[in-house]
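The values are calculated or read from the model by the stated rules, or taken from the named source; none is laboratory data. Everything numeric in this text was worked out from a predicted model, so none of it was measured. Counting neighbours? That spans all protein chains shown, and the Cβs are built from the backbone with ideal geometry, glycine included. Only protein heavy atoms, including side chains, enter the accessible area calculation; ligands, DNA and RNA are left aside. Shrake-Rupley method; radii C 1.70, N 1.55, O 1.52, S 1.80 Å.
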Amino acid sequence: LLGPAAGYLGTGPVVVVPPGSLHRVPWALLPALRERVLSVSPSASSWLRARETEPPPRSRQVLVRGPGLATGGAEVPELARRYGAPTVLEGAEAHVSRVLRELDGAALAHIAAHGAFRADSPLFSSLTMADGPIVVHDFERLDRSPYRIILSCCDTARLASVGADELLGLVTALLPLGTAGVVACSAPVNDEAVVPLMLALHKALGAGLSLAEALRDARAALPGDATHQATGWAFSAFGAA
């Protein structure tokens, strides 16, 4: 797929800006990229904008658990202990208006919820909260979307092609709104296998790594069975944080 370009990648981080027809490729599975620090961007301008985005002055973390997950978002209580005093929204408190209010301007947001992609209208793709869905349009109401956002949800990295390789979806909406980095998933995944991936990802972030570095290391820490491995490869890092 990369052809002769693979020979020019050097040894540093790699940024892939794919055309619309290739946006669901699990790039980190390619032999030339498997051990690399890899991020994906819908466009070169989105990546440059993300790289220039400054973190918020306050390091505030928000952890959200939506309803109906097979594990109940089991990583969230462990992450809450790890971060000390984050804002945790779960049960009835994880309603749309409260979640959006807390996400506004956060340094880091982790959302464990069911995700749904709308191929017919991608800006109405959604994350399921206690009282209904948060859709892509809702994030546009924020003064500033979270600096880093981790979406422990199915299908959140799916995008729809519009026109000449323009892509629409949750990731393309977040990057222009103040988000510098996103971890999201391009396929349905096993809820139980997501939990160790997310715990390893946050551990690496706590050590000062970028999202792309943390995701690479989190994949390497997963058990070697097919379910955990497939789950790890379904997630990608977007942006530059």
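Tally up the residues in the stretch 119-131 that are in contact (Cβ under 8 Å) with a residue 24 or more places away in the chain and open to solvent by 20 Å² or more (accessible area, probe 1.4 Å), please.
5
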(message) Give all pairs with beta carbons closer than 7 Å in which a residue from the stretch 42-64 that is under 15 Å from residue 109 (Cβ atoms) meets a residue that is among the charged types (D, E, K, R) and surrounded by 14 or more Cβ atoms within 10 Å (Cβ to Cβ); count only pairs at least 6 apart in sequence or on separate chains.
(response) 62/102
(request) Could you check the stretch 128-206 for strands (runs of 3 or more DSSP E) lying wholly inside it with 3 or more residues that are at pLDDT 85 or above? (result) 132-135, 148-152, 181-185
(request) Tell me which residues, restricted to the stretch 189-235, are open to solvent by 20 Å² or more (accessible area, probe 1.4 Å) and within 19 Å of residue 158 (Cβ to Cβ). (result) 189, 190, 191, 230, 233
(request) Would you please list the contacts, defined by Cβ atoms under 9 Å and residues six or more apart or on different chains, that run from a residue in the stretch 213-225 that is within 21 Å of residue 14 (Cβ to Cβ) and outside any loop (DSSP other than H, G, I, E, B) to a residue that is open to solvent by 60 Å² or more (accessible area, probe 1.4 Å) and among the acidic types (Asp, Glu)? (result) 216/35; 220/35
(request) Confirm whether residue 106 is open to solvent by less than 70 Å² (accessible area, probe 1.4 Å), of a type in the set (Gly, Ala, Ser) and over 14 Å from the mean Cα position of the chain (by Cα). (result) yes
